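> Below you will find the structure I want to go over with you.
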Protein chains: 2
Amino acid sequence: MAHYEFVVLGSGPAGRRAAIQAAKLGKSVLVVDDRAKVGGVSVHTGTIPSKTLRETALNLSGWRERGFYGRSYRAKQHIGSEDLAQRMSKTFDYEVSVLEHQFARNGVAIAVGKGRFTSPHALVIAREQDGAQVEEHVTADKVLIAVGTVPYHPPNIPFNGTSVVDSDDFILHPRVPRSLTVVGGGVIGVEYATIFSALDVPVTLIDHRPELLEFLDREVIDHLVYLMRDRGIALRLNGEVERIRFAANGAPICVLADGRQVSSELVLFTAGRVGATATLDLAAAGLEADSRGRLAVDRASFQTSQPHIYAAGDVIGFPSLASTSMEQGRAAACHAFGAPAACDDQRPPYGVYAVPELSCVGLSEQEARAKGYSYECGVARFRETSRGHIMGMDNGILKMICDRETRKLLGVHIIGEGASELIHIGQAVLNLGGTIDYFVENSFNYPTLAEGYKVAALDIWNRLQAQSAQVVALHAEIPAAVPPESPRIAGAG
Amino acid sequence: MAHYEFVVLGSGPAGRRAAIQAAKLGKSVLVVDDRAKVGGVSVHTGTIPSKTLRETALNLSGWRERGFYGRSYRAKQHIGSEDLAQRMSKTFDYEVSVLEHQFARNGVAIAVGKGRFTSPHALVIAREQDGAQVEEHVTADKVLIAVGTVPYHPPNIPFNGTSVVDSDDFILHPRVPRSLTVVGGGVIGVEYATIFSALDVPVTLIDHRPELLEFLDREVIDHLVYLMRDRGIALRLNGEVERIRFAANGAPICVLADGRQVSSELVLFTAGRVGATATLDLAAAGLEADSRGRLAVDRASFQTSQPHIYAAGDVIGFPSLASTSMEQGRAAACHAFGAPAACDDQRPPYGVYAVPELSCVGLSEQEARAKGYSYECGVARFRETSRGHIMGMDNGILKMICDRETRKLLGVHIIGEGASELIHIGQAVLNLGGTIDYFVENSFNYPTLAEGYKVAALDIWNRLQAQSAQVVALHAEIPAAVPPESPRIAGAG
C-alpha cells in the first residue's frame, strides 16, 4: 500500500496549487481526480471554458465594434456550434497539457479514479481499466479535499442532456440554440444569459429572488439590468420554476409558480451547485458535509473538524472563485506542513464575466451604509472617457465609495468592458490604504478607461469640497480650496 | 481694448485644463486658437485621431483575432481610406463639440485667430474675416503659452502634401498606401509604423539613432523590435535620410547617408517637432525660445523668465504627453492665481499606442543600474496567463524591477495589448510605496492579464528567496521560507 505525505482530492485551482506547494516543500504528493484528464471544474466546465466561450462570442459577433457600426453589425453572419467548439477545444487541450507538465515537473503523482475514505488516514481509489474495476489503496499523513462542486439537480426539473441541461452538460457540448431560457440569476446564469444575447439569441432569465447578484453594488446591478433589458433579455424575477413541461414539438416550457410560462428551444439550469462530496464516504474519515454537500473549515488554516484533513475551493462555499481557491489551496498546504504562508488577501476582487464584465473590490454602497460609515460616492461613465468614446463604448460605469472623514477608499464597483482588469487599480489603492486623493493627484495615461478612476474621484472630491466650503462659509470668508478639473475628454471640465 | 485676468494661447490639453481651472477660480479667461475649431494638436492631429486610427485599424483588420484564426485572418478584406476617415471624423466632431460646450459652460471666452505679443501684458489676435484682416487687441494680467508644437521640416525633405508628408498632414487626410516609409523612430513614428503594418501595408522605419524609444526599458524594446521584424517591418536604424528623390512614376525614394535607398508610395516624416512659437513675437514679451522653438520654465510653477507668463504642455518639451500636459496646465493656473495645487505626480505613466501598446512607470533596468540600485527583475509573458491564452495573445511581457533590500517596486514596463491600462496597477503600488509582496499576497481576478503582475513578482520573490536561502545555508540548517506558487495557468507552477 502506497503512502504519501499529502493526498489531494481534486485537481482544480485549489488542489493544483496545494499539490505544487507541498511538492515544493519536499513532500510526497498524490493528486486524485476521477476525470480522464486533470484540471477540475475550472478547466473542464467552469472558469476557462465559459470565458473562452465569452471571448469567442464577442469576436465572432463583432460585439466590440457595434458601438461604431451599429447594433445590427456582425463580424460573422452565421455563428454555429462548430465555431464555439473549435476554439474551446484548442484552449482546453492547451490548459490540460500545461497542467500535466506542471505536475510532472514538480514530481506530483497523479491517480485517475474516484477517491473515497476508508479511515481518517486511508483512501481507496477506484477506476475502470480494460473493462474491470480496479482499486488502489493509499495512506496519507495529510489530506486536502478540493473536489469542487457539481450542479444541483432539483427533483422537479427533468434534465435530459438535450433540451433541459445543467451548466456542466452545456459547456461540454456548447451549441447556439434558436432561443434560450436560463434558470438562475447568479454568476453563471448572468454570464451565459448575456453571452448568448450577444450572439443575438433570444434569452429569458428566471430567478426566484427579486434581484440579481446580491453581492454587488445595487447601482451597478441597476445598470446591468438596464443593459440586459435593452438588449432584449426577458427578466423573470421572483419567478419560481414549478415544473417543466414539453410542447408537442418537444420544446421545453418552464411553468412558474405564479402561472407564467416560458418556452424556448433550450433550458439551461444554473440554479445552485452542491459540493461533490457524496461519493467520498466522509463518515469513514469522521467528517460530515452540510445539506448542500459542503464542508466547514477554519477559514484561517482550512482545517476541517479532523485537524489533518483540509478542505479548500468551491467545496467550502463562498466565494467560489478560482483566484481565491488558489490562495486557499496554497494556505492549506503551507499550514499542513508548518510553512509560513504569506496570505494577506483581506479584500480580493470579484469578477463576473458577463457581457459586459462586472468586477468589484471592497464595500458596496449598501454594505457601507449597513456598517454605519459616513461615506460619499462618485461615478464615472466610460463613454465620457476619451478611450471609451474611441472604442465606441456606450455603456459602463465606475463607482467609487470613500469614507468622508479619512477620505480612504472603501470600495470600487465597475461594469463595462475590461472591468475585471481595471478593478486591480482600485484594489491596490484600497489594500495599501490609499485615499481618493491618490486618484486626484496622479496622472493617468490618456486616452484610457482607467481615467474613469480620476473622473469618479473628482466627482467625490468636488462634492466634499463644496460641502466643506459651505461649512467654512458660515464661519469666515476663507476661500475654499481649488477643485482640480475633471479629465472628461482631454481634461477640460 | 478688452482686458482679461488670464489669456491662454492654445486650446490643447494644457491650455484647456488651465483655462477651465482659472474660470473655476472666478477669473476672466480668454482662450486664443488659430484653428477654426478648438482642441489643439491633441484633438486635431495628435492623441485622439491617431488612437482612433489605431482602434479602427485593429477592428477592421481583425488583429485581435489573429492569434486564433491565423495571421492571414482579416475581418474586412479591403480596407480603404474611406474606412479610416469615416470613423475618425465621428470621433473628432464629438470631441470638439464636448470642448466647446465645456468652455461655454465655464464662461471661458474664445478668440479664433493668431495671437502674438505686443508687450509683456498685451497681445493682438489676427484673423481673416470676410476677406479682410481683422485685429483684436487684448491685455492680460497673466498669460499661459500652451501653443504646442508643429512638425519639424528639415530643408532637405521635399514635403509636398501628397507623397512626402508630415504627421499633421497625414492624419488630416488619412489613407492606406500600398507601401509606407516612416522616417523617425520616436513615439509617433513607432505608432504609425505598427498601425499600418497591422493593416498589412509593407512598412520601412528609418531612424538615425541606433535604438528606438530610448526612455523605455531595453528588454521591452527588444521585444518590440522582434515583433516588428516578425511582422515584416523593415528597420533601418543608424539611417540618416540625406535626401528624397522621386522615381519616374513619382514614387519617393529615401536616400540614406550610407547609400541605402528605400522606395515606397508614401513617406511619412515624423522626425521631430518644434514649439509653435515662431509667430508669437516672443521678443515683445521679453522672452526667447530655444533653437527648437521651446520655452524654458520653472518645472514646479511653470513660470517662464517673465514671472507673469507661464508655459505648459508640448511647448516646454519632454514628456509631451496629453496626460502630463493637463496636470501642467492645471498647476500653472493654480500658481498664477495663488491657489493651492495638489499636484503630487512624481512618477506618471508613459504610454505608446503602438501595436502592441507599450507603457511604463518608474525606472527602467538601465536607469536602476545607472542610479546604483541593488535591484532584481522579474518577467511575465502574457501568453502564460490564462486570459492571454483565451484571447489568443502570442506576445507581450510585463517586466518588474524592485529594490533588493527594501523590496520596494522601482518600475514596471509592459508591452502587449492593454499595456496602457494595466500600467496603472503598478503605478498605484509604486506611488503608494508598496513592495513586490503586495502582488504575492493579494489575489487577482482569474482569468485576467493583470495576473502578469503576480507572475513577475513571484519570479522576483523566488529568486530572492533562493539567494537568501543560499546565504542562510552557509550558516545553519534553517529551512528557507516557502516560495508561493506562480499562478501561470490556473495557479499551478
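The values are calculated or read from the model by the stated rules, or taken from the named source; none is laboratory data. Everything quoted here is computed from the prediction, not taken from an experiment. Positions of Cβ are backbone-derived with ideal geometry, glycine not excepted, and every protein chain shown enters the neighbour counts. Just the protein is used for accessible areas: all its heavy atoms, side chains included, with ligands, DNA and RNA removed. Shrake-Rupley method; radii C 1.70, N 1.55, O 1.52, S 1.80 Å.
> Taking θ as phi - 60°, what are the ³J(HN,Hα) couplings along region A:441-450 by the Karplus curve (6.51, -1.76, 1.60), each to the nearest whole Hz, with x for Gly and Pro?
8, 9, 8, 10, 4, 10, x, 9, 6, 4
> Order the peptides B:428-434, B:7-13 from the highest to the lowest mean number of other Cβ atoms within 10 Å of their residues.
Details: B:428-434: 21.6, B:7-13: 31.4.
Order by mean packing, descending: B:7-13, B:428-434.
> Still on this structure, please answer the following. Between region A:115-149 and region B:369-415, how far is it from one alpha carbon centroid to the other, in angstrom?
Using only Cα atoms, the two centres lie 41 Å from each other.
> Calculate, in nm to one decimal, what B:A251 and B:K90 gain on full extension: separation in residues at 0.36 nm each, minus their alpha carbon distance.
Values: separation 161, 0.36 × 161 = 57.96 nm, distance 3.18 nm.
Additional length available on full extension: 54.8 nm.
> Related question: Per the Kirkwood formula on distinct C-alpha pairs, the Rh of region A:356-477 is how many angstrom?
Numbers: mean 1/r = 0.0679 Å⁻¹.
By the Kirkwood definition, the hydrodynamic radius is 14.7 Å.
> Same structure again: Any of A:K454/B:K399; B:K371/B:K408; A:K51/B:K454; A:K24/A:K114 with alpha carbons more than 22 Å apart? Name them for me.
Values: A:K454/B:K399 25 Å; B:K371/B:K408 15 Å; A:K51/B:K454 20 Å; A:K24/A:K114 26 Å.
Those over the limit are A:K454/B:K399; A:K24/A:K114.
> Something else about it: Can you list residues whose amide H is under 5 Å from B:Y4's amide H, if they're 5+ apart or on another chain and H is modeled 1.01 Å from N?
Residues meeting the amide H criterion: B:T139, B:A140, B:D141.
> Considering every residue in A:433-443, what mean count of other chain Cβ atoms within 10 Å of its Cβ is obtained? The partial results should precede the final answer.
Numbers: counts 1, 4, 1, 0, 2, 5, 2, 3, 8, 15, 14.
Across A:433-443, the average partner-chain Cβ count within 10 Å equals 5.
> Put a dot 7 Å past each Cα toward the Cβ at A:R218 and A:A370; how far apart are the dots in nm?
The two pseudo-label positions are separated by 1.2 nm.
> I need the calculated FRET efficiency for the pair A:T139 and B:R229, taking r as the beta carbon distance and R₀ as 51 Å, to the nearest 0.05. If you can, show how the numbers build up before the last one.
On the way: r = 57 Å, r/R0 = 1.12.
Working from the Cβ atoms, E equals 0.35.
> With the other protein chains left in place, how much accessible area per residue, in square angstrom, belongs to chain B at a 1.4 angstrom probe?
Values: 18000 Å² over 493 residues.
I get 37 Å² per residue for chain B.
> Where the label is 7 Å out from Cα toward Cβ, how close does A:R299 come to the same position in every other copy, in nm, shortest first?
Label-point separations across copies, in nm and ascending: 4.8.
> Run the Debye formula on the Cα coordinates of region B:137-207, all scatterers equal and no solvent, and tell me log10 I(q)/I(0) at q = 0.14 1/Å.
At q = 0.14 Å⁻¹ the computed log10 ratios are -0.53.
> Search the structure for amide H atoms under 5 Å from the amide H of B:A111, placed 1.01 Å from N in the peptide plane, and list their residues when 5 or more places away or on another chain.
When sequence neighbours closer than 5 places are left aside, the close amide H contacts are B:V31, B:V32, B:D33.
> With the cut-off at 22 Å, report for region B:293-430 the share of all Cα pairs above it, as a whole percent. Could you put the intermediate results ahead of the total?
Numbers: 4821 of 9453 pairs.
Taking all Cα-Cα pairs of region B:293-430, the fraction more than 22 Å apart is 51 percent.
> Related question: Quick one: Karplus J couplings for region B:109-124, per residue in order, coefficients 6.51, -1.76, 1.60, θ = phi - 60°, nearest Hz, x for Gly and Pro?
Coupling constants for region B:109-124: 7, 10, 10, 8, x, 8, x, 8, 6, 10, 7, x, 10, 10, 9, 10 Hz.
> Okay, moving on. Report the local net charge at B:R236: Lys and Arg +1, Asp and Glu -1, summed over other residues whose C-beta lies under 14 Å from its C-beta.
Working: positive: B:R209, B:R229, B:R260; negative: B:D207, B:E211, B:E240, B:E242, B:D258.
Counting the neighbours of B:R236, the net charge comes to -2.
> I would also like to ask the following. When the Karplus curve 6.51 cos²θ - 1.76 cosθ + 1.60 is applied with θ = phi - 60°, which whole-Hz ³J(HN,Hα) does each residue of region A:18-33 get, with x for Gly and Pro?
Per residue, the Karplus-derived 3J(HN,Hα) values read 5, 4, 5, 4, 5, 4, 5, 7, x, 8, 7, 10, 10, 9, 10, 8 Hz.
> Taking only Cα atoms of chain A, what ratio of Rg to Rh do you get with Rh as the Kirkwood inverse-distance radius? Could you put the intermediate results ahead of the total?
Numbers: Rg = 25.0 Å, Rh = 24.7 Å.
For chain A, the value is 1.01.
> For B:R404 and B:V112, compute 0.36 nm times the residue count separating them, minus their Cα-Cα distance, and round to one decimal in nm.
Values: separation 292, 0.36 × 292 = 105.12 nm, distance 5.56 nm.
The B:R404-B:V112 span can extend by a further 99.6 nm.
> For A:I188, A:I244, write out the residues from largest to smallest accessible area, computed with a 1.4 angstrom probe and no ligands counted. Mind showing how you got there, number by number?
Working: A:I188 50, A:I244 20 Å².
Ranking A:I188, A:I244 by accessible area, largest first, yields A:I188, A:I244.
> In peptide B:447-455, what is the residue-averaged number of other protein chain Cβ atoms found within 10 Å of each Cβ? Don't jump to the answer; show the numbers that get you there.
On the way: counts 11, 13, 4, 8, 3, 0, 2, 2, 0.
Partner-chain Cβ atoms within 10 Å, mean over residues of B:447-455: 5.
> In nm, give the distance between the simple-model label positions of B:E128 and A:R105, each being 7 Å from the Cα along the Cα-to-Cβ direction.
According to this spin-label approximation, the distance is 6.7 nm.
> Enter the buried accessible area of the A/B pair, total of both sides, probe 1.4 Å, in Å² rounded to the nearest 100. Show your work: numbers first, answer last.
Details: alone 21990 and 21940 Å², together 36050 Å².
Looking at A and B, the buried total is near 7900 Å².
> For B:P319, which inter-copy label distances result when the label point lies 7 Å beyond Cα on the Cα-to-Cβ vector, reported in nm to one decimal and in ascending order?
3.1
> Pull up all non-local amide H partners of B:V274: gap of 5 or more, or a different chain, and H-to-H distance under 5 Å with H placed in the peptide plane.
For B:V274, whose amide H was placed from the backbone, the distant partners under 5 Å are B:V150, B:Y152.
> Got the B:G80 label distances to the other copies yet, label 7 Å along Cα→Cβ, in nm, shortest first?
Label-point distances to the other copies, shortest first: 3.3 nm.
> Ignoring ligands, DNA and RNA, what percent of the 1.4 Å accessible area of region B:356-477 is carbon and sulfur?
Working: 1800 of 3690 Å².
Whole-percent figure for carbon plus sulfur exposure: 49.
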